[in-house]
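Worksheet: one structure, shown below.
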Ligand SMILES: [Zn+2]
């Protein structure tokens, strides 16, 4: 390797910093939208029931979907969370492992499934 | 520094781009046939496209001292139209003797469907029949891992295919090892957003070495940067890599791979005179 680990850290620190902040901003953006749609939903049901009691966000699938919390169980959101876990583990090869996490799986018997002529 | 862009779609670029590339050191390029952004309606549309690739583009490039080569096929996105694909495959031999045609490409998969695999195999038959080199497109994003492995399965099960005459493009961190281990050439395609960057290409060079590895810009009609190779050269220089290593990636490797075609040889000799 041409550069020392310290040189790389110094050189790429600002790049990593900027990209992590960007990921944080995406997550915050999702949170804000989820919170505001939960609020709108609570108002709506207060109007509907007149009870003044906001519904629990996990009360029913529809309630949770319309309250915005459904996004947290969306597979794409889960993938981001799992990728972040890879970022903070102490194992090597993070880029390849995240790429595989974000890929469709390979099925070795695909040729039989497609009934392609074998060579 | 002189360099070769092994995968760039110049039909999508302006003449100003040719000028910029020439100023940045591009001496030769190879342009695989690809998707126009919409599905073409007939075989005649492909015939005109192949005329553009074999006649008009080399002339446009020559104005700036750049040698232009090309590869012919119908791309994987249009392979769902199996009958049109077969008409195009039957028409391709009309152009194989053109002086800038290096082989069949970029063939590959897009969504990894049965029709795509069928048309891929028919292109491989064409390449074998006419003893052509092959340039491979691997799918993007979440389909790349599965699709690259499917393509390698199809190529390695065919004993007539010599992997040293096949270039597999758009490799990334999770596909590069298998491509190189199986004896193929590998190309890293650098995009400004969403896919591989010059920085990550430099990382892969540091991880996997320089054998049978090259880099390209794609330079297509989408968000892409035709000057991505000069960006990689700068990145490698800034990391302190020697000139010899950089030249191997951006000039000698593509030169060595393409030299397997007689057509390339004569023209690069001319460049070097
Ligand atoms: Zn391409």
Most mobile of B:108, B:147, B:222 in a GNM of chain B (Cα contacts under 10 Å): B:222
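List B:137, B:68, B:241 from most exposed to least, where exposure is judged by having the fewest other Cβ atoms within 10 Å.
In increasing order of surrounding Cβ atoms, one gets B:241, B:68, B:137.
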Förster-model FRET efficiency, 25 Å R0, residue A:31 and residue B:39, C-beta, rounded to 0.05: 0.05
Peptide A:91-101, shielding by other chains (average Cβ, 10 Å cutoff): 3
FRET efficiency for residue B:52 and residue A:10, using Cβ-Cβ distance with R0 set to 56 Å, rounded to 0.05: 0.70
Sorted by Cβ density within 10 Å, fewest first, the residues B:129, B:77, B:144: B:129, B:77, B:144
Exercise: per-residue mean of other protein chain Cβ atoms within 10 Å, B:170-176: 4
Cα gyration tensor, segment A:68-119 - rounded (a/c under 1.5), prolate or oblate: oblate
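When you look at the Cβ of every residue in B:88-97, what mean number of other chain Cβ atoms sits within 10 Å?
Mean shielding by partner chains, rounded to a whole number: 0.
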Efficiency of FRET from Cβ geometry, residue B:245 and residue B:80, R₀ 51 Å, rounded to 0.05: 0.75
Ranked B:224, A:37, A:76, criterion: other C-beta atoms within 10 Å, fewest first: A:76, A:37, B:224
Additional length obtainable on full extension of the chain from residue B:141 to residue B:153, 0.36 nm per residue less Cα span: 2.4 nm
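All of the numbers you see were taken from the coordinates with simple rules; none came from a lab. All values derive from a computational prediction rather than experimental measurement. Neighbour counts are summed over all protein chains in view; Cβ atoms, including those assigned to glycine, are modelled from backbone coordinates with ideal geometry.
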